[in-house]
Structure formats: structure tokens, C-alpha cells
1. What are the residue pairs meeting all of these: first residue in region 348-363, first residue in the same structural domain as Gln95 (by TED's automatic domain parsing), second residue crowded, with 24+ Cβ neighbours inside 10 Å, Cβ atoms under 9 Å, and 6 or more apart or on different chains?
2. Looking for something within 19 Å of Thr402 (Cα to Cα), of a type outside the set (S, T, N, Q) and in contact with a helix residue (DSSP H, G or I) (Cβ under 7 Å, 6 or more places away or on another chain) - is there at least one such residue anywhere in region 83-91?
3. Show me the helices (runs of 4 or more DSSP H) entirely contained within region 72-148 in which 3 or more residues are crowded, with 19+ Cβ neighbours inside 10 Å and not polar (S, T, N, Q).
4. Among the helices (runs of 4 or more DSSP H) contained in region 244-335, which hold 2 or more residues that are β-branched (Val, Ile, Thr) and over 25 Å from Asp407 (Cβ atoms)?
5. Just one of (1) hydrophobic (A, V, I, L, M, F, W, C); (2) under 20 Å from the mean Cα position of the chain (by Cα); (3) surrounded by fewer than 21 Cβ atoms within 10 Å (Cβ to Cβ) trips up Cys409, so point out which.
6. Looking at region 227-251 only, could you name the residues that are modelled with pLDDT of 95 or more, buried (at least 16 other Cβ atoms within 10 Å of the Cβ) and among the polar types (S, T, N, Q)?
Amino acid sequence: MKIKAKLFSQALILILISLIVIFAGCVSEDTSGKEQKSGVAGSDYRTVIDSRGVAVEIPSDVKRVATVSDGLIEGTMYALGVEGTIVGIGSSALQSEWTYSYPTDDGGVVNGTGGHHVIKELIENIEDIPLFAQYGSPLNYETLSSLEPDVVIVRLGTSAFWEDAEAAQKTIDRIESLGMPVVVLYSPNCYDDASLTRISDEIEIIGDVFDKKEDAAEIAAYLESQIALVEERTSDIPEDEKPSVLMFGLSPTHRAQGGAGVAQGLGTAESYMIETVVNAKNAYQVDIGTFQIVNTEQVLALDPDVIVLCTAWGYHPPGELTEATYYESLRELKAVKNGRIMSLPWTPCNCAKRIEYPIDVMVIAKAAYPDRFEDIELDEWLIEFYMNTYGVDQTTAEKLRTAQWMDWCVGEQ
């Protein structure tokens, strides 16, 4: 697998304003087969091969884990039933609550409350778990060390400022020097090919850490089955019948800078979902990389058939594009006129796809090909997905749907 070596200092650095500058990018050196000194005493340990190809020695019975990710690691741990081993986290997004608000033409205001990470809903005491790294601050090694984790699991390409692989390696070396083994995961952002199967690899490595390989493989297989369902229904669509889909982020940060928002360009996980999985066309073919700033004129020129709104410095429901006063100039878009707008679930610190990635795919598929997915009631499918993925009951699944601000789809079909 070819890791992007230069992307960290170029296009993607614009994307991820991070919580920890130190976890800067995916480590690109060839460390395959390299044995890590983990500080594990005695012979009661096993070896896990991480995304780098590094053999990491960890205790046979892992009881204390520190994580650095925006939910992929923690979500997988919950699904595996080992979330109780988390003693420290490296993302405040897992603990926070959000709101959204936008003004309408009639002088009113639309407000949304209660948005939060699925992890906050799933892990009741997540607010009480020590935070050893967060946005805008370097990793606190003293706090991390005081937690005495058996292993630190780090996901690169997420919640991190993309700078260079050397900085990431220095951080990993520093943690290891304190006697803590580090298992490194590479998100799809770390590869030239942003294939979603990379997430399955990450899930299975996490399963290996907890000696739950088979359970992890089952979780990965279920997620992949939802992708296969979409691929089977769209694989035969001829080129001239593919709709153009704009993955559009209504970023207030970039509106303040004169843009209309941000688009997801080529080479991204979002573009992979649109073009490879859903078999549609990414409307934004101009640039490579995520969160490309686009102005009103550019969006009007693209005039996509379908618009999918993603997390971009906040959550953005379909109504924001059609009702907010500051988007009046975009109401001539055919996607707006035809009502071909959907929103992805709220994913705070939207840096890399997580265990809920099939939801994104299904939303894009239903937006692009409503006739081919007419039989799938999105609100009901979501409940089933949460129940199957996390092993929760229907009541909890409904709370997860609400937490991700997906209740807009209830009764929409």
C-alpha cells in the first residue's frame, strides 16, 4: 500500500485544523516487520501488527487503553464490548454538545440543539474520562503517563494537523520512550487510494489488540455488506446517466472569508464514495483534496444535479441551503429547485470516516438514485444499522439517530 508522503504538507494541510499538532501525518517510512520496544515486562505479552507493518508488543490482557481518534477507535471498542478499558482520550469532540442556527428570509431563526458524537451517547461516562490532548494544544505527556495505559492506540489522518510524517514519528517515539506501546492506525486519508476497505483493516487491528479478531471481522464484514448493497444496485449505470453530486460544506468559517463554502475534491474518501461506490459523478473535478474553498460563482457554474451537505465547521441541515438568508443567491441551482438535497450525519471534527461510514454512502446513494433506493426507508434503515453495528436496542438506536441530527429523514421517503 502506497502511503501519501507529500500530501501532508500540501492540499490536506488545509483540511484538518487539529487538536494535536504532534500527530501530524501518517508515518511513511517502511517499518514493515520492525519490532517495537513497548516497555512490557515479563513474557505475558503478544504481538500486534499495526497499519505501519510494525510488530508491537502489548500485554496479553489489555485492561487500560488511551486513544487518539475522533471516534473510529472508540466506536469499534464499544462494538467489541471493551469500551470499559478506555482510561484516556485524545479528542474533546467525544465529550461535547453542539447546536446550530441560521436566519431565514422571514426574519425568523432556525435552531438545532442536542447534537453530539455517537460515542457520547454510547459511553455514559465519557465526560469523566481524562483528556490528554485536544484541539489547539499539544499532547500532554504527563497526563498520558499518569493514566498508565497498557497500550496507546493512535489513528493518523484524523484529528490531526497534517504536516509531515517525521513529526508524527517523533511523537510516537516519545510515547514509547515513556514505556507505553503504541499501535498506529492509518485512516483512508493516509493512502493514495481512499478505499473504504482501509477502515476494515483498522477495525481488525483493534480487534487484534483485544484478542477479538473474529468479532472485529464480523463488524467489518457487516459494514462492507452495506456498501456491497449500494454497489450492486448502481454498478450497471451508464456514464451518460450518472448524476453529478456536489459534496458541499456550508462552512461559516469560509463564508466569512468570502467563499460560499467548501467542496470535496478528487482523491478523497467522499469522492471515492460518490464515484466508486455509488457510481455517480463528483461534481467538483477541479482540485484534489478535501475542503476546497468555492465561491458562489463556482457553485453556480457547477450547477450539480444533487447536493449532499457534509459536516464543515458545524452541522448543516438541508433547510440551511434553501432557507438561510445568506444562500439566497444559490436558490437557482437545479438541485435546490428540484429538492435534490440531503445531509450527512453530524460527525464533529470531520477529519476521517468512522465506523458509521455506510450511513454516508446510503445518504449519497438515495440522493443520487432515489428510484433505485425507493424501497429503503432511510429512517428505519438507520435504526437497523445502529442496532446491528453497536448491538444496541431500538430506543438507543433512535437516540443515536437524533444525536447525529438525522431525524430530518423521518417520514421523508
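1. Once the first residue is in the same structural domain as Gln95 (by TED's automatic domain parsing) and sits in region 348-363, no partner that is crowded, with 24+ Cβ neighbours inside 10 Å comes close enough.
2. Just the residues of region 83-91 that are within 19 Å of Thr402 (Cα to Cα), to begin with: none.
No, because not a single residue in region 83-91 is within 19 Å of Thr402 (Cα to Cα), of a type outside the set (S, T, N, Q) and in contact with a helix residue (DSSP H, G or I) (Cβ under 7 Å, 6 or more places away or on another chain).
3. Values: elements: 72-80, 118-122, 141-146.
So the answer is 72-80, 118-122.
4. On the way: elements: 252-255, 269-272, 296-302, 318-323.
Qualifying helices (runs of 4 or more DSSP H): 296-302.
5. (2)
6. Within region 227-251, Thr234, Ser244 qualify.
The rows are residues; the columns are (1) touching a helix residue (DSSP H, G or I) at 6+ places or on another chain (Cβ under 6 Å); (2) polar (S, T, N, Q); (3) modelled with pLDDT under 95.
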residue: Asp287; (1), (2), (3): no, no, yes
residue: Ile293; (1), (2), (3): yes, no, yes
residue: Pro304; (1), (2), (3): yes, no, no
residue: Val308; (1), (2), (3): yes, no, no
residue: Leu321; (1), (2), (3): yes, no, no
residue: Ala324; (1), (2), (3): no, no, no
residue: Pro345; (1), (2), (3): yes, no, no
residue: Pro348; (1), (2), (3): yes, no, yes
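The rows are residues; the columns are (1) closer than 26 Å to Val82 by Cα; (2) charged (D, E, K, R).
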| residue | (1), (2) |
| --- | --- |
| Ile203 | yes, no |
| Phe210 | yes, no |
| Ala217 | yes, no |
| Ala221 | yes, no |
| Gln226 | yes, no |
| Glu231 | no, yes |
| Glu241 | no, yes |
| Val245 | no, no |
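The values are calculated or read from the model by the stated rules, or taken from the named source; none is laboratory data. Nothing here was measured: the structure is a model prediction, and the numbers come from that model. Note that each Cβ is placed from the backbone with ideal geometry, even for glycine, and that neighbours are counted across all protein chains shown.
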